[in-house]
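The values are calculated or read from the model by the stated rules, or taken from the named source; none is laboratory data. Remember, predicted model here, so these are calculated numbers, not experimental data. No Cβ is skipped: glycine too gets one built from the backbone with ideal geometry, and neighbour counts run over all protein chains shown.
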Amino acid sequence: MTSPIDASSTSAWTELTALRDAFSPDLRGWFADDAQRVESLTFDLADLRVDLSKNLITPEVRAALVRLAEQTGVAERFAAMLEGVHINTTEDRAVLHTALRRPAGASPELVVDGQHVDHDVHEVLDALGAFADRVRSGEWRGVTGKKVTHVVNIGIGGSDLGPVMVYEALKPYGSGIQARFVSNIDPTDMAEKTADLDPETTLFIVASKTFTTLETLTNARLARDWLWERLGAAGVDVSTDEARSTAVAHHFVAVSTALDRVAAFGIDPANAFGFWDWVGGRYSVDSAIGLSLAIAFGPEVFRDLLAGFHAVDEHVRTTPLERNVPVLMGLLNVWYTNFLGAQSHAVLPYAQQLSRFPAYLQQLTMESNGKSVRWDGSPVTTDTGEVFWGEPGTNGQHAFYQLIHQGTRLIPADFIAFANPAYPLSDDGRDVHGLFLANFLAQTKALAFGKTAAEVEAEGTTGALVAARTFPGNRPTTSIFADALTPAVLGQLIALYEHITFTQGAVWGINSFDQWGVELGKQLALQIAPAIEGDQDAIAAQDPSTRALLAYYHEHRKA
Ligand code: F6P
């Protein structure tokens with residue numbers, strides 16, 4: 001891998017610094033002066049209409065940002081990723097999630113490190129689809145011969161957040177089999193999610209890229225015990241090792257890159273679906289990790305989702321930087337983070353179905369770009385990843401929007417909305433979805449254009465209330481609009497954010513595909529576990545604060 005280019009020493013960075021020093025945001029003025037502003041900053045990205053016009057940019061800033069992308073080699077790095085170059089330097093791996101959604105027979109064939117990637121991807125996809133069909137049709141049955149009614153995905157991080165987010169988003173496409181998701185090692189999660197399930201009709205999917213993750217393996221063992229216990233209680237014979245293995249064979253399947261560990265757990269490798277080390281956990285919802293989705297919605301829906309991803313991959317691959325939507329959105333984030341002092345970024349879906357989308361994006365963006373060193377190990381030269389957060393509108397409006405409108409911090413926000421609802425309901429003849437969308441439009445308008453003191457006074461307000469009721473405006477937003485939340489549209493949305501994240505990482509010169517920052521906590525948890533159990537040497541080895549907290553725990557823990 002070549003050394004990263006230091007973004008802060010490029011001429012574009014110098015230009016942007018000068019533009020920032022003279023910057024005076026004026027969305028009211030910019031809109032008044034430029035009749036073409038909406039048109040020049042609105043893009044169609046596959047089925048998504050993306051309106052960037054309410055962002056704090058001028059044509060000069062936009063041009064300088066594009067030059068920054070050119071000078072930091074964003075397009076070259078994207079091409080390197082697609083080709084399978086080992087851009088994940090610390091793990092010496094290719095980064096090929098884009099290969100998971102290449103259509104069958106794509107040309108030229110992708111061969112990386114001797115692996116026929118397209119062939120392998122489609123082999124697994126076909127197997128996944130065939131298995132999903134068997135479960136859906138009832139050909140696959142539980143140990144007592146009953147059809148599966150519930151799948152429970154056991155995974156965490158990328159092996160959970162993607163599937164649960166997509167499941168919630170596409171629920172209207174469900175027909176029959178329901179999915180649940182257990183991720184937390186807090187026993188409450190497993191206890192509550194399985195409480196009302198029938199063991200004879202439940203299929204567990206253990207989803208773990210590495211098949212070493214403490215939370216997932218612990219929960220998988222809990223699930224296995226639950227299965228045996230509940231089957232026994234229902235009068236099924238699970239008294240012998242053989243009977244218990246047979247039960248596991250009917251009620252457990254796995255998704256992993258480590259099929260040997262799957263077998264060691266007791267799951268038949270014939271019932272396991274593989275993927276590869278070049279798929280990062282947070283980029284894996286479109287791999288076999290999506291098995292729960294293929295079962296709940298059917299393989300066709302899953303393939304439509306993948307097609308949506310691919311449409312955006314193609315846009316990024318073939319579109320010049322100045323019109324490349326994910327690149328422009330990534331560059332806007334760089335502008336806000338590095339030049340205008342933003343520390344966070346809100347994602348506000350006007351769709352209840354996307355309730356888990358912000359949480360999904362937190363792993364995608366923050367595990368990818370929360371780094372202080374660059375891909376060659378040298379320190380970063382700029383600030384990196386911002387905090388992503390959000391909640392569906394309009395709930396957020398009644399909670400935290402106050403701070404976005406009138407607080408002292410700059411919080412760029414993405415609004416995501418759909419022209420058509422999943423459930424068209426009316427209230428006394430009034431389309432409720434229309435009212436919902438009116439809120440989306442009202443919020444982006446208020447944030448952009450605010451309300452001046454003169455406008456407040458013109459309404460009859462006087463005194464100190466005038467300042468309190470004034471809205472400064474110039475709060476940047478991006479509006480992403482689509483016809484409806486279909487599987488393809490959802491794939492497009494996810495891919496959009498993947499490539500925004502990629503763009504930022506490329507500009508900053510960081511490896512967006514490793515996550516060493518999560519390792520220390522994992523190691524220490526293993527060291528502290530014996531102290532929790534009362535091991536005096538382990539307790540003595542802790543720092544004073546941890547020792548005091550352990551003492552509190554031991555005092556209060558009921559036997
Ligand atoms: O701890 C972070 C992490 O490694 C994520 O990157 C990953 O998505 C998650 O753990 C789960 O890992 P696995 O799929 O290997 O169980």
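Of all the numbered requirements in (1) under 29 Å from GLN515 (Cβ atoms); (2) in contact (Cβ under 8 Å) with a residue 60 or more places away in the chain, ASP47 misses one, and that requirement is (1). Taking the stretch 231-250 as the search range and keeping residues that are surrounded by fewer than 18 Cβ atoms within 10 Å (Cβ to Cβ) and in a helix (DSSP H, G or I), which one is nearest to the ligand (Cβ to nearest atom)? The qualifying residue nearest to the ligand (Cβ to nearest atom) is ALA249.
Screening the stretch 66-179 for helices (runs of 4 or more DSSP H) wholly inside it with 3 or more residues that are of a type in the set (Phe, Trp, Tyr), within 16 Å of the ligand (Cβ to nearest atom) and over 30 Å from ASP6 (Cβ atoms) returns no ranges. Looking at the stretch 293-365, the helices (runs of 4 or more DSSP H) lying wholly inside it that each contain 3 or more residues that are closer than 19 Å to ARG77 by Cβ, within 19 Å of the chain's Cα centre (by Cα) and not small (Gly, Ala, Ser) sit at 299-318, 325-334. With respect to the conditions (1) modelled with pLDDT of 95 or more; (2) surrounded by 15 or more Cβ atoms within 10 Å (Cβ to Cβ); (3) within 16 Å of the ligand (Cβ to nearest atom); (4) more than 30 Å from VAL112 (Cα to Cα), TRP276 falls short on a single one, namely (4). Taking first residues from the stretch 209-222 that are in the same structural domain as ILE289 (by the TED database) and at negative phi and partners that are among the small types (Gly, Ala, Ser) and in a helix (DSSP H, G or I), the Cβ contacts under 8 Å between residues at least 6 apart in sequence or on separate chains come to LYS209/GLY158; LYS209/SER159; LYS209/GLY281; THR213/GLY157; THR213/SER159; LEU214/ALA525; THR216/SER159. Filtering the stretch 191-211 to residues that are more than 16 Å from the ligand (Cβ to nearest atom) and in a strand (DSSP E or B) leaves THR202, LEU203.
Scanning the stretch 28-65 for residues that are over 17 Å from ASN338 (Cβ atoms), part of a helix (DSSP H, G or I) and of a type in the set (Asp, Glu) gives ASP33, GLU39.
Residues that are surrounded by 18 or more Cβ atoms within 10 Å (Cβ to Cβ) and within 16 Å of LEU52 (Cα to Cα) within the stretch 412-448 comprise PRO412, ALA413, ASP414, PHE415, ILE416, ALA417, PHE440, GLN443, THR444, LEU447, ALA448, listed in sequence order. From the set of residues in the stretch 287-302 that are more than 15 Å from VAL135 (Cα to Cα) and within 14 Å of the ligand (Cβ to nearest atom), which is surrounded by the most Cβ atoms within 10 Å (Cβ to Cβ)? The residue in question is SER287.
Take the conditions acidic (Asp, Glu), over 17 Å from the mean Cα position of the chain (by Cα) and within 16 Å of the ligand (Cβ to nearest atom) and apply them to GLU215. Does it pass? Considered against the rule, which asks whether it is acidic (Asp, Glu), over 17 Å from the mean Cα position of the chain (by Cα) and within 16 Å of the ligand (Cβ to nearest atom), GLU215 comes out as yes. Does the stretch 488-505 include one or more residues that are within 24 Å of VAL38 (Cβ to Cβ) and in a loop (DSSP other than H, G, I, E, B)? Looking for residues that are within 24 Å of VAL38 (Cβ to Cβ) and in a loop (DSSP other than H, G, I, E, B), one finds none in the stretch 488-505, hence no.
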